[in-house]
Structure formats: structure tokens, C-alpha cells
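Contents: one structure, followed by commentary.
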Amino acid sequence: MHKLTLKELSAQLQARKISATELATLFLDRIEASDLNAFLHVDRALTLAQAQAADVRLAGNDAGPLTGVPIAHKDIFVTRNWRTTAGSHMLQDYVSPFDATVVEQFNAAGTVTLGKLNCDEFAMGSSNENSFYGPVKNPWDKTAIPGGSSGGSAAAVAARLAPAATATDTGGSIRQPASLCGVTGIKPTYGSVSRYGMIAFASSLDQGGPIAKTAEDCGLLLNAMTGFDERDSTSLQRPKEDFTRSLNQSLQGLRIGVPREFFGAGLAADVEAAVRGALAEFEKLGATLVDISLPKTELSIPVYYVIAPAEASSNLSRFDGVRYGHRAADYKDLAEMYKKSRAEGFGEEVKRRILVGSYVLSHGYYDAYYLQAQKIRRLIAEDFQRALAGENRQCDVIMGPVSPTVAWDLGDKTDDPVANYLADIFTLSTSLAGLPGMSIPCGFGQGGKNAKRPVGLQIIGNYFDEARLLNVAHQFQQATDWHLREPA
Ligand code: GLN
């Protein structure tokens, strides 16, 4: 049962082959037996109460496609009943008085919450090693990182501890862990998913999305989690759409842009081989490959690592031991209370970003760094528009690797923040442009001793082209079985 997709589980529930309570119990038992450190907070009684309510809805005539389906939430989404830590010591005992909009939407759809998922502190990281609660292990090889910052979400789905999970992506945190754990994830167009109750990292980039086994499941989850929210000032006002509407369209004539800059010197041979294999598969499905250029790709690293810390330094000022967060036990005066609380509450990487962010926003440096980064951000977005939009557009979607390498070993890059930043090279530009992007499993690369480590294919589309991305991914998943492979 734990191997089924969300779509299949939904059918089992509707046909009364299994109850929501039985299903929740099955996954709770798997979570309890797991040693991956993917979950930060599980509460059987709360989960089972939700499951019983779902069973009542299923027995009546009140069930939708997600009613009774168990999912888990990244610990960046605040929840009324489960603690929300954002992976930080700062929020160790925090319980929100309200649910994030995304959580509210899923609750209304009748999903059953299995618990809260580990992540990098305040979603800052690429390996989950920045979590105050310890790293998550990659289910394919427990000596490897799961990716980050949504490492708990990706590992939980890969290990079949949950059929699906919520996640957030600021510069790749849905796509990269999905890639490194061999599962499917999509970051929709910026503004599609409400940020209300999603603990803020970099507000102009943060975007929620789902991680699941298949593209089809991601479509069902997006149907529930998107929509206008007046409590989020950048939420888009658009008519509700069915993201699964084009899944079965043929890919005959699809033009796939293959950016030169995504296949340069930094790309590992095993990742390149898997990605090229996937591109060949798409050609068999009727697509043609077009050589394109996204010349500003390399600049996305310095640009992102100026803009994201700048916004973070401002967003994180609320964690001062008064309004929110940990408060130091002893202090002489107010100033020392702030200093000690923040020094104790935040981890290394978060502090580094607050320092960088405050610096690039400060008088005299603002023009040189922050403003300059904003200008280049615009040029990065224009690169994509030249390829994907207008009369002379070159392609319908863009494909390439998600990560330059497979998952690296735990501990490998912990002393070298820049090495972590460089690994974000293929995901940052999509985020800076606000475009939708997804990752689907497409093969394996070399791991440690005997273990194989998954490779993900990135699919990027123009604004609001999620249904097409899911169609493209679904057709690939109908023709291949990478997404069904499971860790031992
Ligand atoms: N790895 C990137 C960072 O460390 C992206 C994180 C994210 O998308 N939340 O900021």
C-alpha cells in the first residue's frame, strides 16, 4: 500500500478498500521505524483524529480527490497543532496560533497530516545539514545528503514514509532535493502558492510546491495548494485551473531548449549521461532538441547570494526573543538580551546570511551590490524570455540537469559554504526569474561504495505553464520507470 501513488491511494479510499485511519496508521508505523531523521514532529493522536474526520467525509458524500490521503508538511509552514521550528533552535518550542494558507487548503481538502518535516534552518541550505535538529539521511545511501532545504520532504517521499509532501523553493529547494532523492517535485510560477504562514526567507523568491512520486500526483496537489490569497501581497489573482488537464497530450512537435550553459565543465559525467539519456527518450516521444543559450546563468550565483541574504536579513529581524523566538536566560539590559538571544538562537549559516544581507543593504554598499544584483536579475529573466516567449521563441520548455552532481557525502561540504552555493548553479536562475520549474527522476549516478544515487532532470517553462510541464513529465513517466524505483 505504501508504494502506491497518491492517485492510486485516493482510488483505494474512494472504493473503501482501505480507510483513512488504516492508511495513516500504516504510514505512522513506517515513520516510527525509520532512522532517516526526516520528521521533526509526529503526533499520532492528532493525525488519527484527522483521519477519523476524513473517514466520516468518505462515508458521507463530502469527499474530494485528496480526502483521507496522508501527506506531511515541511516545517516551514506554520501549523496550529504541530510545533513549527523552521529547522531552527530559535523556534524550538514554537506553536503557531494559525495554519499557513497551504495547510488550511489541504485541511479543507481532507488530507491527513502525518507530521512536520526536517529542513535546513529557515530554508537556507542545499544539504539539510544546516538543520539544528541534525541532517536528514538520503534513503538511497544513508552516508549521503538528501539535498536541501526540503531534504525531509524529499527523503520522506523517497523512503515511502509519506505519499507526498509540501516543500518550498527559494533557489532550488524543491527541485534539488527531489533530484537527489529520486522523486518528483515542482515549483510553480512565483505568486501561485500563498506565502501566508510560510516562514519567510527571501520573500521575492519563496514559493511553495509539492513533492510526490509522480507528475500526476504533483498536479493533484497543486490543484489544492494554489489560488489567490489576500493575506499574501504577492499572491496572483488568477482563475482556478486544473493542473492535470493536459497530462495525456502527445509530445509530438514539442521543442525542448537545451541551454549550452547547463552542460559546461562543472557538470559531472554521470549526471550528464543520465540527462542526455532522458533527452533522447523525449526525442523518441516526438520532441525535437534545440540548442539555446542562457548567457547569464553563471551570474545567478552572485546575484542570488546578494538578494536572498538581503531579504533574509530583513525578514529575520523579527526573531529577537520578544516578538518571536528563543530568549536568552540571563542578560544585563535590553541590548544584551537581543544580542544573546539571536546569538544563541541562530545557526552559523543563518548568521552568515544576516551579516552578508545587512552589509549589501547598508549605506554606501547598497548601490554597488544590492541594486546591481537587481539589475542583473532582470537580465537573467530576459534570457529566459528570449528562449520561451514572443514570436521568435526558440522552444516550448527548457531541460537540463538540476544539480551538477549526484548527492554528495554527509559532511563533505559543511566547512565550505561557497561549495554549497556553487551547487545551486542550475536552479537559481529559474527562481530569480520567477518561472516554474520541476525535477523528475531520470537515472542514477555513481554513489559511495555500492550505492547508486539518483539523478533528476530539470524542466523549466514560461510563466503559468505548469500544466505543460506536468504533461511533459507525465508522458516521460508513462514511457519510463525511473520514478517507480525505490531505495532498498
Ligand atoms: N540552496 C539555496 C540556499 O541555500 C536555496 C535554498 C532554498 O531554495 N530554500 O539558499
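A few points about this structure:
- The test for being of a type in the set (A, V, I, L, M) and surrounded by 14 or more Cβ atoms within 10 Å (Cβ to Cβ) does not hold for L355.
- Qualifying residue in the range 104-115 (condition: within 13 Å of the ligand (Cβ to nearest atom), under 19 Å from the mean Cα position of the chain (by Cα) and among the small types (G, A, S)): no
- Only one of the numbered conditions (1) loosely packed, with under 15 Cβ neighbours inside 10 Å; (2) modelled with pLDDT of 95 or more; (3) not polar (S, T, N, Q) is not met by A312, and that is (1).
- Just one of the listed residues (A368, A387) is more than 14 Å from the ligand (Cβ to nearest atom), surrounded by fewer than 19 Cβ atoms within 10 Å (Cβ to Cβ), among the small types (G, A, S) and assigned to a helix (DSSP H, G or I), and it is A368.
- Figure legend. Inter-residue proximity from the range 223-244: first residues closer than 25 Å to Q475 by Cβ, second residues of a type in the set (D, E), beta-carbon distance below 9 Å, spacing 6+ or different chains. Indicated pairs: N223/E241; N223/D242; T226/E241; T226/E466; E241/E466; F243/E466; T244/E216.
- Any hit, the range 97-106, residues being surrounded by 23 or more Cβ atoms within 10 Å (Cβ to Cβ), touching a helix residue (DSSP H, G or I) at 6+ places or on another chain (Cβ under 9 Å) and more than 27 Å from R231 (Cα to Cα): no
- Residues satisfying the stated conditions in the range 4-52, i.e. over 22 Å from S150 (Cβ atoms), surrounded by fewer than 16 Cβ atoms within 10 Å (Cβ to Cβ) and in contact (Cβ under 8 Å) with a residue 40 or more places away in the chain: Q14, R16
- From the list A158, A165, A154, the one residue that fits, being within 16 Å of the ligand (Cβ to nearest atom), buried (at least 24 other Cβ atoms within 10 Å of the Cβ) and in contact (Cβ under 8 Å) with a residue 60 or more places away in the chain, is A165.
Every residue, every condition in (1) within 15 Å of the chain's Cα centre (by Cα); (2) within 14 Å of the ligand (Cβ to nearest atom); (3) farther than 17 Å from I145 by Cα; (4) crowded, with 20+ Cβ neighbours inside 10 Å, yes or no:
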site: V406; (1), (2), (3), (4): no, no, no, yes
site: D415; (1), (2), (3), (4): no, no, no, no
site: I425; (1), (2), (3), (4): no, yes, yes, yes
site: L428; (1), (2), (3), (4): yes, yes, yes, yes
site: G437; (1), (2), (3), (4): yes, yes, yes, yes
site: I440; (1), (2), (3), (4): yes, no, yes, yes
site: Q446; (1), (2), (3), (4): no, no, no, no
site: K449; (1), (2), (3), (4): no, no, no, no
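- Being of a type outside the set (S, T, N, Q), surrounded by 15 or more Cβ atoms within 10 Å (Cβ to Cβ) and more than 26 Å from the chain's Cα centre (by Cα) is a property that does not hold for Y305.
- No other residue among N130, N107 is without any contact (Cβ under 8 Å) to a residue 60 or more places away in the chain and not acidic (D, E) apart from N107.
- Selection within the range 200-223 - of a type in the set (G, A, S) and more than 20 Å from E241 (Cβ to Cβ): A200, A202, S203, S204
- Test: residue in the range 323-337 that is assigned to a helix (DSSP H, G or I) and under 30 Å from L379 (Cα atoms): no
- Looking only at the range 129-138, and only at residues there that are under 17 Å from the mean Cα position of the chain (by Cα) and in a loop (DSSP other than H, G, I, E, B), the one that is farthest from the ligand (Cβ to nearest atom): K137
- Residue in the range 201-208 that is among the hydrophobic types (A, V, I, L, M, F, W, C) and away from the ligand (no atom under 13 Å from the Cβ) present: no
- Top-ranked residue of the range 168-190 - restricted to ones that are within 9 Å of the ligand (Cβ to nearest atom) and not β-branched (V, I, T), ranked as nearest to V69 (Cα to Cα): K187
- The listed residues are G191, G151, G110, G185, and the only one of them that is in contact with a Ser or Thr (Cβ under 6 Å, 6 or more places away or on another chain) and either of a type in the set (F, W, Y) or under 23 Å from N315 (Cβ atoms) (or both) turns out to be G191.
- Wholly within the range 147-228, helices (runs of 4 or more DSSP H) carrying at least 1 residues that are under 9 Å from the mean Cα position of the chain (by Cα), at pLDDT 95 or above and at negative phi: 151-158, 175-181
The values are calculated or read from the model by the stated rules, or taken from the named source; none is laboratory data. Only a predicted model underlies this, so the values are computations on that prediction, with no experimental measurement involved. In this analysis, Cβ positions are derived from the backbone assuming ideal geometry, glycine residues included, and neighbour counts consider all displayed protein chains.
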